Amino acid sequence: MAKMVLPMELYHAARETCLRLYVANGGDARAQWTIRPYPGTAAIACNEGNAWQPPSFTLCMPSFPLDIRLPRWQADLVAAYTVHELLHALWTDWNAVTQSRVEGLKGLTNALEDNRIEAKASRGDLLQVSEARRLLEALNAHIVARAMKAPGFTLDAPEQMSFVLNIVIFAEKLGYRSTFPNDWRARVNPAWLPLFDHALARFDALGSTGDALALARELKAMAAALPKEKPEPKPAPKAQLEPSKGEGEGEPLPPREREIVEEEPEPEDGAGAPRAPEAPQKPEDKPEGVEPEDKPKGVPGASEGEDKPKGEDMPKGEDMPEDKSEGEKSEAKSEGASGAGGRGGEVEMSAPVEDLTDATQTYSEANLDDLAQDAAREAKQHLSTVRANAVHAAMFINAAPHKEALLDRGGDPKRASAAIASPAKLRRHLTAAVKSPERVGVERRQVSGRLDLRNLSGIMSGSETVFRRRVEEDGREAAVGLLLDVSGSMKGFRLQAAKAMALHMGDALKAAGVRFEIAAFDDNKLWTPKPFAKAWANDTRRAVAGMQIAGGTSMLPATKMCAERLLKVSGVSRRILLVLTDGDDSFPAEANAMLCAWYKTRGVEIVGIGLLTDNLAHTFNGRAVMVHNCERLSTVGLSELVKALDAGAPRVA
């Protein structure tokens with residue numbers, strides 16, 4: 001059975017892949033990458049930066065329900081989109097993109113640029129991605145198959161000229177295999193053939209985005225020079241002459257895909273992978289209890305889904321590719337009107353192409369609407385809910401790490417540990433909590449032991465190996481991390497109790513022979529008075545005792561850093577992170593809960609200890625204990641913590 005993949009794994013892998021490959025292929029090592037789930041869209045936004053500010057990229061990914069598992073072929077398509085957008089970050093000239101937008105040739109230039117960068121990757125110019133061509137070819141095959149099945153889509157529709165040219169070049173110049181017909185010359189508008197032949201002849205010489213723009217200008221001039229008179233009408237029903245009808249079925253053409261340019265700031269549009277229109281989702285395909293989404297008004301081509309939530313703008317900058325100028329927004333809103341040349345316009349299918357500008361072409365940004373909507377239906381979740389959850393997941397994936405800082409002074413461990421009592425049984429409780437349960441197994445076909453009644457055939461045949469033995473193996477010890485909140489609200493006895501608990505736990509963990517670290521955080525720094533690599537000795541105990549109150553509360557990035565450290569500890573069967581805090585994090589509880597759930601799948605158990613605060617069970621994905629008396633932090637808090645850990649401990653049979 002093919003491996004199934006969680007969407008969180010895709011989001012995490014996409015960001016890590018871009019971070020690594022961008023630098024490996026000559027990109028700025030200072031570049032910052034973030035993931036932004038968006039309904040059905042995969043495209044890239046860019047701030048090129050300067051000598052003082054590093055470049056930053058926002059990779060918009062399709063929003064999938066986080067609790068489903070995607071088959072490998074769908075994961076490969078998402079990986080292919082990631083690679084495609086990475087190619088734009090590496091090889092697309094954003095100044096040329098801006099100029100193409102000014103000239104109204106963004107769609108046609110984007111189509112040619114997509115061909116150019118994928119041809120470059122197929123030649124092996126993308127380092128450390130041996131399967132780039134296979135992924136990109138599979139992506140192209142999916143797009144072509146989706147387009148050819150879309151009701152009303154035809155290869156000779158005037159508004160599809162840029163898209164058809166794009167897939168013609170993929171087939172003829174890159175050799176991509178797909179369901180694109182070999183006899184395409186007989187199916188496209190005959191007036192296009194000189195333009196296609198010119199583009200194919202000039203394609204190998206395209207060395208930059210500027211060259212793609214120059215070719216787009218040439219094609220625009222050639223199209224404008226075509227004869228203006230209408231050709232003889234084809235002998236077909238009148239309905240076939242209207243672009244808003246399917247082939248004899250009277251069905252309307254599907255809407256354009258929703259682009260991520262809606263209601264954004266004013267940076268520039270960029271290149272995205274070519275995407276053909278999809279068939280509209282039928283109301284009867286909706287899962288029971290899920291309301292159909294409303295298409296945003298005034299934007300022809302908005303995909304099925306909700307409007308973009310307020311306050312989630314893309315990073316600002318001159319060269320962000322997603323955003324349209326006000327003129328383009330107005331133009332987009334007019335598409336589909338009578339005479340506009342877009343879908344629903346009064347353009348005859350067989351009319352000569354006279355205008356290849358963005359006013360007539362429907363070459364849209366990258367999307368995986370079909371996969372995202374199918375996944376939402378399968379999970380019986382509304383797209384707005386799916387996106388909200390995906391946004392929370394992206395928060396912890398994108399969270400920038402805290403700055404690691406050094407403690408400037410130590411304290412008195414003896415005095416600090418005396419702040420709260422340490423019960424005599426604390427060491428036994430803690431040892432039981434962090435030790436793996438025993439592995440219990442059975443060895444069969446033994447010559448001694450208990451008679452194995454499962455081996456009836458052996459018993460009846462008189463075999464000597466008809467006994468079984470129980471085998472017990474001591475579990476390996478866990479690695480433990482203790483993360484303390486030292487924000488301003490922890491001042492006074494709360495901090496004293498937290499330091500005392502850390503010192504008591506350190507003594508108990510050392511006695512149990514367990515590797516551990518103790519760290520503390522505020523809103524932007526992480527201190528580690530006792531790292532894994534250092535022994536629990538006088539200097540580390542003094543460092544813990546010397547921890548002081550700092551700034552605000554930013555728990556999620558610190559938790560992520562400590563969880564990653566635990567994953568690097570080898571030779572253990574359990575990894576446990578205890579987080580002590582007294583209040584709400586600056587990150588949403590949903591994002592923290594998803595972080596806990598994600599690291600649980602990777603083998604890190606995160607448990608919260610709430611000190612004099614409300615219930616934090618939701619923040620820690622159901623794994624939290626509350627302590628309402630500082631003096632009883634060790635006795636009550638750790639007693640409940642042991643119960644929680646023991647209940648959720650993984651057991652190996």
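The values are calculated or read from the model by the stated rules, or taken from the named source; none is laboratory data. Because the structure is predicted, anything quoted here is derived from the model rather than measured. Using ideal geometry, Cβ is built from the backbone for each residue, glycine included, and neighbour counts are taken over all protein chains shown. Calculation scope for accessible area: heavy atoms of the full protein, side chains included, ligands and nucleic acids excluded. Shrake-Rupley method; radii C 1.70, N 1.55, O 1.52, S 1.80 Å.
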Original post:
Is it the case that ARG623 is among the charged types (D, E, K, R) and over 23 Å from the mean Cα position of the chain (by Cα)?
Top reply: yes
**OP:** Working carefully through the options GLU85, GLU9, find the one that is open to solvent by 50 Å² or more (accessible area, probe 1.4 Å) and within 14 Å of the chain's Cα centre (by Cα).
**Re:** GLU9
Original post:
What residue, among those in the range 110-169 that are within 18 Å of TYR81 (Cα to Cα) and β-branched (Val, Ile, Thr), is surrounded by the fewest Cβ atoms within 10 Å (Cβ to Cβ)?
Top reply: VAL129
Original post:
Restricting the search to the range 600-635, which residues are modelled with pLDDT under 75 and open to solvent by 40 Å² or more (accessible area, probe 1.4 Å)?
Top reply: THR635
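Here's the yes/no breakdown for (1) crowded, with 17+ Cβ neighbours inside 10 Å; (2) not acidic (Asp, Glu):
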position: VAL514; (1), (2): yes, yes
position: ILE518; (1), (2): yes, yes
position: THR528; (1), (2): yes, yes
position: ASP539; (1), (2): no, no
position: ALA545; (1), (2): yes, yes
position: MET555; (1), (2): yes, yes
position: SER570; (1), (2): no, yes
**OP:** Taking only the range 93-109 into account, find how many residues are open to solvent by less than 10 Å² (accessible area, probe 1.4 Å) and not in a helix (DSSP H, G or I).
**Re:** 1
**OP:** Count, please, the residues in the range 398-410 that happen to be out of contact with any Pro (no Cβ under 8 Å at 6 or more places or on another chain) and modelled with pLDDT of 90 or more.
**Re:** 4
Subject >> Residues located in the range 548-566, provided they are out of contact with any Pro (no Cβ under 6 Å at 6 or more places or on another chain), among the hydrophobic types (A, V, I, L, M, F, W, C) and at pLDDT 95 or above >> reply: MET555, LEU556, ALA558, CYS562, ALA563, LEU566
Subject >> Scan of the range 581-592 for residues that are assigned to a loop (DSSP other than H, G, I, E, B), in contact with a helix residue (DSSP H, G or I) (Cβ under 7 Å, 6 or more places away or on another chain) and not aromatic (Phe, Trp, Tyr), ordered by number >> reply: ASP582, GLY583, ASP585, PRO588
Original post:
(1) touching a helix residue (DSSP H, G or I) at 6+ places or on another chain (Cβ under 8 Å); (2) within 26 Å of THR17 (Cβ to Cβ); (3) part of a helix (DSSP H, G or I): which one isn't true of VAL129, the others all being true?
Top reply: (3)
**OP:** Tally the residues that are out of contact with any helix residue (DSSP H, G or I) (no Cβ under 8 Å at 6 or more places or on another chain), among the aliphatic types (A, V, I, L, M) and at pLDDT 95 or above, restricting the search to the range 170-219.
**Re:** 3
Original post:
Yes or no: THR17 of a type in the set (Ser, Thr, Tyr), assigned to a strand (DSSP E or B) and in contact (Cβ under 8 Å) with a residue 12 or more places away in the chain?
Top reply: no
**OP:** Report the residue count in the range 149-173 for those that are in contact (Cβ under 8 Å) with a residue 40 or more places away in the chain and assigned to a helix (DSSP H, G or I).
**Re:** 12
Original post:
Can you tell me which residues in the range 465-512 are of a type in the set (Lys, Arg) and either under 21 Å from PRO557 (Cβ atoms) or open to solvent by 50 Å² or more (accessible area, probe 1.4 Å) (or both)?
Top reply: ARG468, ARG469, ARG470, ARG476, LYS491, ARG494, LYS510
Subject >> Which numbered condition ASP67 misses (of (1) open to solvent by 30 Å² or more (accessible area, probe 1.4 Å); (2) in a helix (DSSP H, G or I); (3) of a type in the set (Asp, Glu)) >> reply: (2)
Original post:
Scanning for something open to solvent by 10 Å² or more (accessible area, probe 1.4 Å) and over 23 Å from ASN398 (Cα atoms), does the range 584-597 turn up at least one residue?
Top reply: no
